[in-house]
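What follows draws every value from the coordinates through simple rules; no lab data is involved. Predicted, not measured: the structure shown is a model, and the values here were computed from it. Backbone-built Cβ (ideal geometry, glycine too); neighbour counts: all protein chains shown.
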Amino acid sequence: GNKLNKLIYLQTKSILKDSRAAGNKMQLNSTFRSCSEQTYLRSINCPASSLPAESCSPPTEKPGESLHNYGMAIDFGCDGYAIFSTSPCYTWLKDNANKYKFVQRDKEPWHWSLTGK
């Protein structure tokens, strides 16, 4: 049920396969999202719509500026862990992300893309 841009599909498929082979239960929590979904998230994460993404908690881009709007960003999860940054999936991804050319967004351990944005 997750939509991804074809430019990151193969890397994502490999990340899931390889992390599971290492004993982790990596999952995709959020991939493509529409601008209306982005508008909603921004409304609940930002005190004012004009603020930069980093002023939101968690950082939330404006609609049309999020890589999620293009299927080019992934929010990962780890089955059995409410907080991704404390999971073995996160440790594995940090150690292996460079193989897949993925970069973590600052202050968002769950959010990964080719640019870190």
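Placing a label point 7 Å from the Cα of residue 108 along the Cα-to-Cβ direction, the residues of the stretch 62-99 with a backbone N closer than 15 Å are 62-77, 84-85. Remark on residue 73: its backbone amide H falls under 5 Å from those of 68, a criterion applied only to residues 5 or more positions apart or on other chains, H modelled at 1.01 Å from N. Amide H contacts under 5 Å for residue 78: 27, restricted to partners 5 or more places along the chain or on a different chain, H placed in the peptide plane at 1.01 Å from N. Segment residue 65..residue 96, full-extension length gain: 8.5 nm, with 0.36 nm per residue of separation and the alpha-carbon distance subtracted.
Strictly over 25 Å apart at the Cα level, which of 17/62; 6/94; 17/101 would you flag in this model? Result: 17/62 exceed 25 Å.
So if each residue of separation counts as 0.36 nm, and I subtract the Cα-Cα distance between residue 79 and residue 50, what length gain in nm does that give?
Separation in residues times 0.36 nm, less the Cα-Cα distance, equals 6.9 nm.
Each stretch of four or more DSSP H residues adds -39500 (n - 2.57); spread over every residue of the chain, this sum gives -9500 deg cm²/dmol at 222 nm. Projecting the Cα positions of 78, 2, 45 onto the charge dipole of the chain (unit charges on Cβ atoms of Lys, Arg, Asp and Glu, taken about the Cα centre) puts 2 furthest along the positive direction. The Cys residues in the chain with no partner Cys Cβ within less than 4.7 Å of their Cβ are 35.
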